[in-house]
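Here is the structure we will look at.
The values are calculated or read from the model by the stated rules, or taken from the named source; none is laboratory data. Treat the numbers as computed from the prediction; the structure is a model and nothing was measured. When we count neighbours, we look across all protein chains shown, and the Cβ atoms used for this are built from the backbone with ideal geometry, even at glycine. All accessible areas refer to the heavy atoms of the entire protein, side chains included, with ligands and DNA or RNA removed. Shrake-Rupley method; radii C 1.70, N 1.55, O 1.52, S 1.80 Å.
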Amino acid sequence: MATYKKRGYKPKNKEEENQLDQQESTTAEVFSSLDEGASRSEEWVSKNQNYILGVIGVIAVAVLGYMAYFQFVEKPKAENAANEMLYPQQYFDQALFATTEKDSLFTLALNGAEGKFGFLDIIEEYNGTPAANLAKYSAGMAYLNMQKYDEAIKYLEGFSSKDLILGAVAKGGIGDAFLQLNQPDDALSYYEKAISHSTNEYTTPKYLYKAGVTALDLNKKDKALKYFQRIKNEFSSSEEAKTIDAFIGKAKSI
């Protein structure tokens, strides 16, 4: 058992006196080691203080530089890009609901006019901004509606979004383009990506149906049945569910 020396304490015998002496010696050695370690640390810091201060300075400059770049370059750039989107977006929206001259309106949305940027200009001038990313989606959908499928695929593949609807529609749009290019395997792959992107009442039954029909055309009846059955079980109130029993019957036929 350890013996602790109190102020004014006298050892009762020689053995206890030896224990106290050993404790004092050990304590002295510990403090001596700590002092030596502290001295070495102070010496190292003293010798390398210029290097340490230099590293701290570089980090501080990098942080301040990034903050300044974001505040005075990236932020204004993103705001300008968002403002530029207003002009082509109005033509894109008009084209979606127009009964005539749809291609002309989509062309204005893509290329701009009257000194205003179109989607393609925004993609080039404001690359890396949220607006440029959204412009890739709009450009891809414009080309899809204009039946320019290679261009549609190019821009839709460049678009990325975690949005439940837009992300799925972009992938489904690529599927539609591949289907029109007579590449059903690629189309099915992208319909499946659209299904996997999110589950919602709008896009999920839509792309389950397209995936099922495409799989049926590829004679992948088991896969088609799985998609049709999911519409019946999970989305019974959807538009696609109205005729789903007939497609289930086709998928089950030999």
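The table below gives the values:
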item: For the stretch 160-254, with +1 on Lys and Arg beta carbons and -1 on Asp and Glu, the positive-most of A215, S237, G249 along the dipole; result: G249
item: Heavy atoms of K220 accessible to a 1.4 Å probe, total area in Å² rounded to 10; result: 80
item: In nm, spacing of pseudo-spin labels at L218 and N200 (7 Å Cα→C-beta vector); result: 2.6
item: Computed Kirkwood radius, in angstrom, where 1/r is averaged over Cα pairs of the stretch 145-184; result: 10.2
item: For E201, solvent-accessible area (1.4 Å; no DNA, RNA or ligand), Å²; result: 120
item: Bins of 5 Å from zero: percent of alpha-carbon pairs in the stretch 79-124; result: 6, 26, 33, 20, 11, 4, 1
item: Hull-based mean projected area of the stretch 121-230, where the convex hull spans the alpha carbons, in square nanometres; result: 6.6
item: Virtual spin-label span in nm between E101 and N182, 7 Å along Cα→Cβ; result: 3.5
item: Spherically averaged projected area of the stretch 93-163 from its Cα convex hull (nm²); result: 5.0
item: Candidate residues V169, V213: accessible-area rank, largest first, probe 1.4 Å; result: V213, V169
item: Accessible area of T99 in the full protein assembly, 1.4 Å probe (Å², nearest 10); result: 130
